[in-house]
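The values are calculated or read from the model by the stated rules, or taken from the named source; none is laboratory data. It should be emphasised that the depicted structure is a prediction, and the values quoted were computed from it without experimental measurement. Every residue, glycine among them, receives a Cβ derived from its backbone with ideal geometry; neighbour counts consider all protein chains shown.
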Amino acid sequence: MPDAISRPPFQRPAWIEIDESILRQNFTIISREKNPNVGIGAVLKDDAYGHGAIHCARIAAESGAKILVLVTLAEALELRREGIETPILLLGQRQPEDIPYCVDHRLTCCVHEMGLVEQIAREAERQNRIVPVHVKINTGMNRYGVRWNEAPALIEGILAHQTLQLEGIMGHFSMSDEADKSYAQFQLNNFRTILGWLDLRRIQVLYRHHCNSGGFLDLPEAHFDLVRIGLLPLGVYPSAVVRRLPGLAPAMAVKTKVALIQNLSPGDSVGYGMRYTADVSRRIAVLPLGYGDGFPRVRNEGHVLIRGKKAPLVGGVSMDAITVDVTHIPEIQQWDEVVVMGRQGEFEISVHDLATLRHSVSYDQLCAWRHRLPRVIINPTHPPSDLSSNSTDP
Ligand SMILES: *Cc1c(COP(=O)(O)O)cnc(C)c1O
């Protein structure tokens with residue numbers, strides 16, 4: 001029979017580093033910033049924005065997160081398979097086929113309409129369970145959710161089912177990270193209308209939540225019982241104008257190594273489309289990663305860090321290679337470490353810098369780094385002893 005192809009004991013010279021001690025520190029800083037009664041819902045969708053959902057889920061739970069927030073059924077089942085028992089809230093809309101799995105694995109659904117409520121209630125009855133649900137209120141995002149003025153009917157519908165527990169009421173900000181908070185205030189007012197109605201009806205819910213990272217930072221009056229934060233614990237701010245938390249730092253860095261050093265003569269051009277032509281004799285370094293790994297597909301823009309110096313990109317970014325000018329770094333050696341995103345010496349290339357190159361936002365750049373880049377966890381640490389009561393580690 002054919003031999004299994006064995007995995008080499010070394011990794012590709014291009015990788016993602018996740019700093020566990022920074023991740024824990026970020027959760028600690030965030031926890032200090034909020035009222036102790038406010039719980040954290042750690043948003044770990046899209047593999048924790050590329051940081052590794054399983055690892056981040058453990059850190060979040062050990063840091064006291066009450067709920068882990070995901071989107072797809074597969075993401076949630078993977079955490080359950082890994083033995084993570086923390087409550088999970090699934091955002092978005094479920095298809096009918098998902099429901100038996102959600103009930104069986106205690107995945108809490110957001111509900112926006114009566115059809116899904118009926119399906120969950122039936123499945124709860126079939127599995128002989130009381131199943132929590134969170135009602136998503138459309139307070140102005142106009143994506144998912146029941147319009148705030150139509151929510152009472154849906155809530156009454158949920159309360160009519162013995163097998164359902166109204167555990168949460170939630171909304172979602174569309175502009176919480178911008179300087180102008182007037183739309184956020186409009187949404188908050190709509191949310192408060194529903195909370196007022198719940199009070200009048202004397203309906204108790206465990207979790208009222210409306211904040212993402214921007215809301216958490218800038219709208220403390222909107223914290224209620226829980227904040228759903230994804231970007232901030234990773235040490236990245238949702239925008240340039242939100243409040244800063246001293247000590248918060250990015251947990252992710254992207255690194256590679258110098259694969260080859262080439263000498264260019266005047267007039268030589270580099271890469272596809274001859275996008276760069278050397279004016280004088282120059283040296284360039286070839287780096288073994290490209291847009292196939294998630295680097296923005298730019299030309300003659302941006303830089304990397306080598307030996308504590310900035311090396312500007314020359315030519316276009318290929319699928320598997322980028323080329324940088326290192327004429328001013330004569331000490332460079334083949335296989336020197338290169339920082340593509342992160343700190344080296346006195347310089348930092350932030351995720352925002354790279355997001356700007358791709359004409360997008362940091363969320364997009366974080367999620368753009370591909371899985372073919374190995375993810376390496378550095379600075380592993382122990383959970384803070386006073387916060388580990390929520391630990392779900394076996
Ligand atoms: C992604 C998401 C969040 C988290 O947003 P961050 O800005 O990353 O904190 C919260 N709530 C909902 C509904 C989301 O989709």
task = Considering only region 77-184, give the strands (runs of 3 or more DSSP E) lying wholly within it that have at least 2 residues that are of a type in the set (Val, Ile, Thr).
result = 107-111, 131-138
task = Could you give me the residue pairs with C-beta distances under 8 Å whose first residue belongs to region 126-145 and is not assigned by TED's automatic domain parsing to the domain that holds Ile158 and near the ligand (Cβ under 10 Å from one of its atoms), whose second residue is small (Gly, Ala, Ser) and part of a helix (DSSP H, G or I) wherever it lies, and which are 6+ apart or on separate chains?
result = none
message = Given the condition buried (at least 21 other Cβ atoms within 10 Å of the Cβ), farther than 30 Å from Gly115 by Cα and more than 16 Å from the ligand (Cβ to nearest atom), answer yes or no: does some residue in region 64-79 qualify?
response = yes
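The rows are residues; the columns are (1) surrounded by fewer than 22 Cβ atoms within 10 Å (Cβ to Cβ); (2) among the β-branched types (Val, Ile, Thr).
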residue	(1), (2)
Ile88	no, yes
Gln93	yes, no
Cys109	no, no
Val135	no, yes
Asn138	yes, no
Asn142	yes, no
Ile155	no, yes
Ile169	no, yes
Phe173	no, no
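Tell me yes or no: at least one residue of region 273-296 is assigned to a strand (DSSP E or B), in contact with an Asp or Glu (Cβ under 9 Å, 6 or more places away or on another chain) and among the aromatic types (Phe, Trp, Tyr). Spell out the reasoning first.
Here is the first cut: in region 273-296, the ones assigned to a strand (DSSP E or B) are 276-277, 282-287.
Subset that is in contact with an Asp or Glu (Cβ under 9 Å, 6 or more places away or on another chain): 276-277, 282-285.
From what is left, the residues that are among the aromatic types (Phe, Trp, Tyr) are 276.
Yes, the conditions are met somewhere in region 273-296.
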Pairs where the first residue, in region 197-226, is among the aromatic types (Phe, Trp, Tyr) and the second is within 14 Å of the ligand (Cβ to nearest atom) and part of a helix (DSSP H, G or I), C-beta under 7 Å, 6+ apart = Phe216/Leu232
Region 168-199, residues that are within 16 Å of the ligand (Cβ to nearest atom) and under 30 Å from Arg126 (Cβ atoms) = Gly168, Ile169, Met170
query = Yes or no: Ser182 polar (S, T, N, Q) and either closer than 14 Å to Leu116 by Cα or surrounded by fewer than 17 Cβ atoms within 10 Å (Cβ to Cβ) (or both)?
reply = yes
Residues being assigned to a loop (DSSP other than H, G, I, E, B) and either at pLDDT below 90 or within 23 Å of Thr28 (Cβ to Cβ) (or both) - total across region 346-394 = 11
query = Do we find that Val111 is in contact with a His (Cβ under 8 Å, 6 or more places away or on another chain) and either over 22 Å from Leu200 (Cα atoms) or assigned by TED's automatic domain parsing to the domain that holds Pro87 (or both) in this structure?
reply = yes
message = Please determine whether any residue of region 219-241 is under 16 Å from Asp180 (Cβ atoms), assigned by TED's automatic domain parsing to the domain that holds His51, in a helix (DSSP H, G or I) and within 13 Å of the ligand (Cβ to nearest atom).
response = yes
query = Under 9 Å by Cβ, and 6 or more places apart or on different chains, what pairs join a residue from region 260-271 that is in the same structural domain as Thr323 (by TED's automatic domain parsing) with one that is at pLDDT 95 or above and of a type in the set (Phe, Trp, Tyr)?
reply = Ser269/Tyr276; Val270/Tyr276
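Residues checked against (1) within 20 Å of the chain's Cα centre (by Cα); (2) among the acidic types (Asp, Glu); (3) not assigned by TED's automatic domain parsing to the domain that holds Val298:
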| position | (1), (2), (3) |
| --- | --- |
| Ile332 | no, no, no |
| Glu337 | no, yes, no |
| Gln344 | no, no, no |
| Asp353 | yes, yes, no |
| Thr356 | yes, no, no |
| Val361 | yes, no, no |
| Trp369 | yes, no, no |
| Arg372 | yes, no, no |
inquiry  = For region 201-218: of the residues being touching a strand residue (DSSP E or B) at 6+ places or on another chain (Cβ under 6 Å) and outside any loop (DSSP other than H, G, I, E, B), which is nearest to the ligand (Cβ to nearest atom)?
reply    = Ser213
note = When region 22-46 is checked residue by residue, the ones that are assigned to a helix (DSSP H, G or I) and either within 13 Å of the ligand (Cβ to nearest atom) or in contact with a strand residue (DSSP E or B) (Cβ under 8 Å, 6 or more places away or on another chain) (or both) are Asn26, Phe27, Ile30, Ser31, Lys45, Asp46
task = Just need a number here: residues in region 242-263 that are charged (D, E, K, R) and within 16 Å of the ligand (Cβ to nearest atom).
result = 2
